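Just so it is clear, none of the values below were taken in a lab; they were calculated from the coordinates. Just so it is clear, the model here is predicted, and its values are computed rather than measured. Positions of Cβ are backbone-derived with ideal geometry, glycine not excepted, and every protein chain shown enters the neighbour counts.
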């Protein structure tokens, strides 16, 4: 209910699909039966249906995580961005990202996911640009992320680079 309740609030930005510089060809029927266009909405509303998010993550092959932990991660995030494809009265979660932060200097982007039907068409770039723009508006100047090897080039094209000072991240994992 939160999505529709806040559908026209200032936390959402609507873009016509074609205005996002994404390929103009329809995506698996993106122009509805009667020529309805698909609108893409970016939202910072945290009221997400966790089952929809789980379906999105399943679509890209991510391992399942306990929903109570996903809910907690979202609640404790500095920024949560969801991307919705809306056609007529139907809406579909097609992208998601979140960031944690110290609320002053640093933020780390996590859980960037775009539905396979929308990959390779500029949606991931739009999601990342929107996320970065929101962080920069909060005066966050140091933005980091962790990337799987197969997406490193994608993030490099967006301006991310390995630590220029060669500092290696360290991780602690329970035994």
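Each peptide in 117-123, 96-102 was scored by the mean count of other Cβ atoms within 10 Å over its residues; highest first, the order is 96-102, 117-123. Computed packing ranks the peptides 43-50, 56-63, 156-163 as 43-50, 56-63, 156-163, most packed first, by mean other Cβ atoms within 10 Å.
Rg/Rh for region 116-175 (Cα atoms only, Rh after Kirkwood) is 1.02.
Across region 35-175 the C-alpha pair distances fall into 5 Å bins from zero in the proportions 2, 8, 18, 22, 21, 16, 9, 3, 1, 1, 0, 0 percent.
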